[in-house]
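The values are calculated or read from the model by the stated rules, or taken from the named source; none is laboratory data. The structure presented is a predicted model; accordingly, all values stated were derived computationally and were not measured. A quick note on method: Cβ atoms are made from the backbone with ideal geometry, for glycine too, and the neighbour counts reach across all protein chains shown.
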Amino acid sequence: MSETRNSSLLGKITVLVVICCCCLSVQAKYGGGTGEPNDPYQIRDANHMQAIGADANDWDKHFKLMADIDLGQFDGKEGREEFNVIGYYIYNPHDLNPFVGVFDGNGHTILNFTYDSNDRDSIGLFGCVDDPNAEIRNLGLIDPNIDAGTGNNVGSLVGYFGYGTINECYVDGGSVSGTNLVGGLVGGNGGTITNCYATGMVTGYYTLGGLVGNNRGSIINCNSTGSVTGYYSIGGLVGKNWGNISDCYATILVTGIEDLGGLVGHNRVSIDTCYAVGVVSGTDNSRYLGGLVGGNSGIINNCHATGSVIGDQYLGGLLGINGVYGRSSSISDCYATGTVTGTDYLGGLVGLNLESISNSCATGEVTGIDFSRYIGGLVGYNAFGAPIISSSATGLISGKMYLGGLVGFNEEGIINKCNAAGAVSGGDNSYWLGGLVGYNKDSIRNCYATGAVTGGNVAWNLGGLVGMNNEGIISDCYASGLVNGNKYLGGLVGISYNGSIGNCYATGVVSGLIDVGGLLGIDEENESTLTSCYFLDPNDGSVQDNGYGEQLTDAEMKQQASFIAWDFVNVWEVCEGTNYPRLVWQIPPGDFVCPDGVNFFDYSFFAGHWAEDNCGASNDCNGRDFDLLGSVDIKDLRIFIDNWMSGF
């Protein structure tokens, strides 16, 4: 009986020991936890990180980092073990086994992640993440160094990110290199990346970005700094964008040959409320370079760039080329302030424009070197019916041929409600220079230019507004800048061939040797039409009357009655006796008394309607209800103050 009891007791003890051992073994995996959402595996040291990559059965589990970890012992050098990348995606033969779980960095960092491979794709701390519910969050990588050689989809955090979310993650320092689809944080992205940043160096061949190499998902509120160096489709933030990027910026050096951008190398979909600061530099025979984007066939809205762009052809302070691959694209509410230096197709905003530009401006200097062509303060070359609307440029322009304060060469496109104020300088042997457009073959309406246009010896075809008007239409425009050159010089247009010029005027001094006029230098073939066009006679013999346009005195230029058949309701306004006619659209809100600038006289008129609350029924209180909300209140006063002393 005693032996039976002892045997029974021994059996119970054995079972208990087995149960305890099993429980201990479960609890001992990693640093604790079960891997479930409410009880994630705890990662406490480098060995725990190494163990994740060794067990694919856990790649759908939840993990939480409990301390900062140094992975330096797994660098694969001098006989040390190589880090086990978590998840993989092999192209050929196709083999996919991604991480589909959740990794919470818990605000901690991973230091010295190092990986060196010459023939493997999808390299990163996580090689492949591909599930809508997958997530990596709150994690920092310090000084990672990845060299994938000829590998593709390479990033410090994730190599290939098909689906899922990355939030509040960053990379500080280090370097990443590969061949294609290489990024400081992620190589290829198809998921959502928010509130992340990367600093460091990215190198490769093509589709490289300071944050992401190739984006097909969404990138929101992210940034990058450092340098990106390669050949094609190189961007400070993203190499190629096939998705959506918003509220992001890059302050970075970008170097390569083609499709280079301070933010994105090539954009196919959407970029909104972003900016770039840095240098975009092309190597020999470089071209599609832009302070923000190299080539655009998508939508860019409310963005700006402030760095410098240096290369050969198709360079822009914001975009190298707008409208490629036959896709519809647009630029709206954007600006650029950086300098642009190259040879051909240079613009303060866009080098070559094939699609629409609206409500945008450029202020940077644009410089053509050697025998440069197609250079504009806003756009170098405008074609394919691309409209440029309500846009301006103020930067200095220099080069040899087809130079314009706004557009160098307008082959086919409507330019409407635009202006340019920068000086245009051609030097010796320069041709087709204009204060607004160098060479026009389409339509220019409701525009003006105020900058000086100058050329050296043998400088032909210079105009205060347009250098040459070849079968183009110019209407309701004016120019006030001086014009100085050699031959075919006009205060408004240098030379016109079968063109149409109507309801325009010029006030600038024009000086030269052959075919010089206050309005038009020469009408080649005598087949152009001039209707109701005028130029200023300063009464000192400095402006020549060569028979093109009607000469008016200073006093006559300030009287509405002098301008026969002009529309002084919808197009023009003049403060008689004070200034020359101005376009209605250029008169700032608040300039009530007379279009001569917003001052105290205008304030008294504004104050006279203060607190009126029935503006919708009274013609917007004679224009005092600026925001059209029905009353004259503090919001309208703010708008008035914003325009104080403008318009002079």
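A few comments on the model shown:
- Between PHE126, PHE99, the distinction of being of a type outside the set (A, V, I, L, M) and over 20 Å from GLY239 (Cβ atoms) belongs to PHE99 only.
- Within segment 74-93, residues that are loosely packed, with under 15 Cβ neighbours inside 10 Å sit with their Cβ atoms under 6 Å from residues that are aromatic (Phe, Trp, Tyr) and outside any strand (DSSP E or B), at 6+ positions apart or across chains, in these pairs: GLU81/PHE74.
- Residue check, ILE501 more than 20 Å from ILE564 (Cβ to Cβ) and of a type in the set (A, V, I, L, M): no
- Unmet criterion (only one of (1) in contact with a strand residue (DSSP E or B) (Cβ under 6 Å, 6 or more places away or on another chain); (2) surrounded by fewer than 24 Cβ atoms within 10 Å (Cβ to Cβ); (3) not aromatic (Phe, Trp, Tyr)) for ASN285: (1)
- Filter result (under 18 Å from ASN579 (Cβ atoms) and surrounded by fewer than 17 Cβ atoms within 10 Å (Cβ to Cβ)) within segment 601-642: PHE601
- On inspection, SER425 does not qualify as hydroxyl-bearing (Ser, Thr, Tyr) and closer than 15 Å to ILE331 by Cβ.
- When ASN446 is tested against (1) crowded, with 24+ Cβ neighbours inside 10 Å; (2) in contact with a helix residue (DSSP H, G or I) (Cβ under 8 Å, 6 or more places away or on another chain), just one condition goes unmet, and that condition is (1).
- Unmet requirement for ASP68, which otherwise passes all of (1) farther than 17 Å from GLU168 by Cα; (2) surrounded by fewer than 21 Cβ atoms within 10 Å (Cβ to Cβ): (1)
- The single condition among (1) within 25 Å of SER356 (Cα to Cα); (2) not assigned by TED's automatic domain parsing to the domain that holds GLY159 that VAL279 does not satisfy is (1).
To keep it simple, each residue is scored yes or no on (1) part of a loop (DSSP other than H, G, I, E, B); (2) within 38 Å of the chain's Cα centre (by Cα).
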| site | (1), (2) |
| --- | --- |
| LEU489 | no, yes |
| GLY494 | no, yes |
| GLY508 | yes, yes |
| LEU530 | no, no |
| GLN544 | yes, no |
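- Segment 110-154, residues that are among the polar types (S, T, N, Q), over 30 Å from the mean Cα position of the chain (by Cα) and within 17 Å of THR207 (Cα to Cα): THR150
- Scanning segment 408-440 for residues that are surrounded by fewer than 24 Cβ atoms within 10 Å (Cβ to Cβ) and touching a Gly at 6+ places or on another chain (Cβ under 6 Å) yields GLU412, ALA421, ALA423, GLY427, ASP428.
- ALA386 touching a residue at least 40 places away in the same chain (Cβ under 8 Å), within 20 Å of ILE444 (Cβ to Cβ) and aliphatic (A, V, I, L, M): yes
- Scanning segment 307-336 for residues that are in a loop (DSSP other than H, G, I, E, B), polar (S, T, N, Q) and under 11 Å from the mean Cα position of the chain (by Cα) yields no hits at all.
- Any hit, segment 249-256, residues being surrounded by fewer than 24 Cβ atoms within 10 Å (Cβ to Cβ) and either outside any strand (DSSP E or B) or touching a Gly at 6+ places or on another chain (Cβ under 7 Å) (or both): yes
- Within segment 279-303, being outside any loop (DSSP other than H, G, I, E, B) and more than 12 Å from the chain's Cα centre (by Cα) holds for VAL279, VAL280, SER281, GLY282.
- Being under 41 Å from the mean Cα position of the chain (by Cα) and closer than 24 Å to ASN419 by Cβ holds for only one residue in LEU552, LEU536, and it is LEU536.
- Odd one out for CYS575, checked against (1) more than 27 Å from GLY597 (Cα to Cα); (2) part of a loop (DSSP other than H, G, I, E, B): (1)
- Residue ID - nearest to SER122 (Cα to Cα), chosen from residues in segment 62-87 that are outside any loop (DSSP other than H, G, I, E, B) and of a type in the set (Phe, Trp, Tyr): PHE74
- The residues on offer are ALA565, ALA561, and the sole one that is within 25 Å of PRO595 (Cβ to Cβ), in contact with a Ser or Thr (Cβ under 6 Å, 6 or more places away or on another chain), surrounded by fewer than 17 Cβ atoms within 10 Å (Cβ to Cβ) and of a type outside the set (Asp, Glu) is ALA565.
- Hits in segment 371-391 (condition: part of a strand (DSSP E or B), buried (at least 24 other Cβ atoms within 10 Å of the Cβ) and under 20 Å from the mean Cα position of the chain (by Cα)): ILE375, GLY376, VAL379, GLY380, TYR381, ASN382, ILE388
- The residues in segment 275-296 that are among the acidic types (Asp, Glu) and either at pLDDT 85 or above or touching a Pro at 6+ places or on another chain (Cβ under 8 Å) (or both) can be counted, and the count is 0.
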